[in-house]
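The values are calculated or read from the model by the stated rules, or taken from the named source; none is laboratory data. Just so you know, these numbers come straight off a predicted model, no measurement behind them. Using ideal geometry, Cβ is built from the backbone for each residue, glycine included, and neighbour counts are taken over all protein chains shown.
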Amino acid sequence: MMQTNTKKSQTFITLMALIMILGCKSTGDKFGSPDSYDFSKPEKFILPNALHEISGLAFNNLDPSTIYSLQDENGGIFSQQWANKKALSTKFAGRGDFEDLAILSDTIFVLKSNGTIYSFPLSELGKKQADHVKEWKKLVPKGEFESLYADEAASELVLLCKDEELGAKKYQTTGYVLKYDGSSRKLELKETFILNTKAVKRSGSELTHGLRPSALSRNPVTKDWYILSAVNKILVVADPDWNIKSVYRLHSNTFNQPEGLAFDKDQNLYISNEGDEVTNGNILKFVYKEP
């Protein structure tokens, strides 16, 4: 009897040790929330059918009174108030693969998946068709793009490449900064930078196909970069110099397909999700709380 109890005790100790080892290995891969946010308690805005495939959202000068959003395929910008399904829609192009939008100097910029950028004056929203649409091609090298951010103070646009055709490296993501001259409406490439994503692996999240960013924004106070990856179901937080600080897994029950990201002036965080066969598209608001 004593021998049996000893074996049971040894088995128990072995199992506990194994659990502790596995737990330590997966610590960085648990579901969590960035400081000052609770991803388990969002305010949810269920979107109308026209935005079932919402691919991006933005605010003008961090003002959340109007939400500007983009549908993936129909070449239109929508504007509406929070929780109000009635939305104005303005066409700027024909059908295509449009991935993100940003507002800079009272101008709306829209990113196509191939890196082409469209723009038109914010004042034309509300029209059925925008009249003064400008199109920029080949500002950035060939690749697939889904994330666009507008830095109003610097008058710049920032893009992260999702899938590079040439020289792609598993733990590198290339970023591009475009300078915009509002008076001449001139947009040109200013600089290129590299985001080293090895820290994502060290956190416990394996990047089988690279980071593959789907949205990008910046906290207006801390200046930290927030980067979504719908493919990997993670949110990456990087410091102002693009050094990765933390990584958070996103639970599929809350984040169906996270494709849009924005902050308002009060540091509240907004993440939009595309819908699927059973779920409507939505925007989730995470209220900022002092740490």
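If you filter segment 87-144 down to residues that are of a type in the set (Ser, Thr, Tyr) and free of Cβ contacts under 8 Å to residues at least 60 places away in the same chain, you find that the one that is surrounded by the fewest Cβ atoms within 10 Å (Cβ to Cβ) is 123. When segment 19-38 is limited to residues that are among the charged types (D, E, K, R) and at pLDDT below 90, the one that is surrounded by the most Cβ atoms within 10 Å (Cβ to Cβ) turns out to be 29. Listed here are the strands (runs of 3 or more DSSP E) enclosed by segment 39-143 that have at least 1 residues being at pLDDT 95 or above, in contact with a Lys or Arg (Cβ under 9 Å, 6 or more places away or on another chain) and not aromatic (Phe, Trp, Tyr): 43-46, 63-71, 76-80, 88-91, 98-104, 107-112, 117-121, 134-136.
Test residue 246 against the criterion of being in a strand (DSSP E or B) and within 24 Å of residue 42 (Cβ to Cβ), and give yes or no. Here the answer is yes, as residue 246 does meet what is asked. Go through 184, 147, 205 for me and flag whichever is outside any helix (DSSP H, G or I), surrounded by fewer than 14 Cβ atoms within 10 Å (Cβ to Cβ) and not hydrophobic (A, V, I, L, M, F, W, C). Exactly one of 184, 147, 205 is outside any helix (DSSP H, G or I), surrounded by fewer than 14 Cβ atoms within 10 Å (Cβ to Cβ) and not hydrophobic (A, V, I, L, M, F, W, C), namely 184. Listed by first and then second residue, the pairs with beta-carbon distance under 6 Å, at least 6 apart or on different chains, first residue in segment 223-239 and closer than 16 Å to residue 172 by Cβ and without any contact (Cβ under 8 Å) to a residue 40 or more places away in the chain, second of a type in the set (Val, Ile, Thr) and buried (at least 22 other Cβ atoms within 10 Å of the Cβ), are 236/227; 236/247. Pairs linking a residue in segment 169-180 that is assigned by TED's automatic domain parsing to the domain that holds residue 201 to a residue that is among the small types (Gly, Ala, Ser), with Cβ atoms under 7 Å and 6 or more positions apart or on different chains, are 170/210; 173/210; 179/155; 180/105; 180/155.
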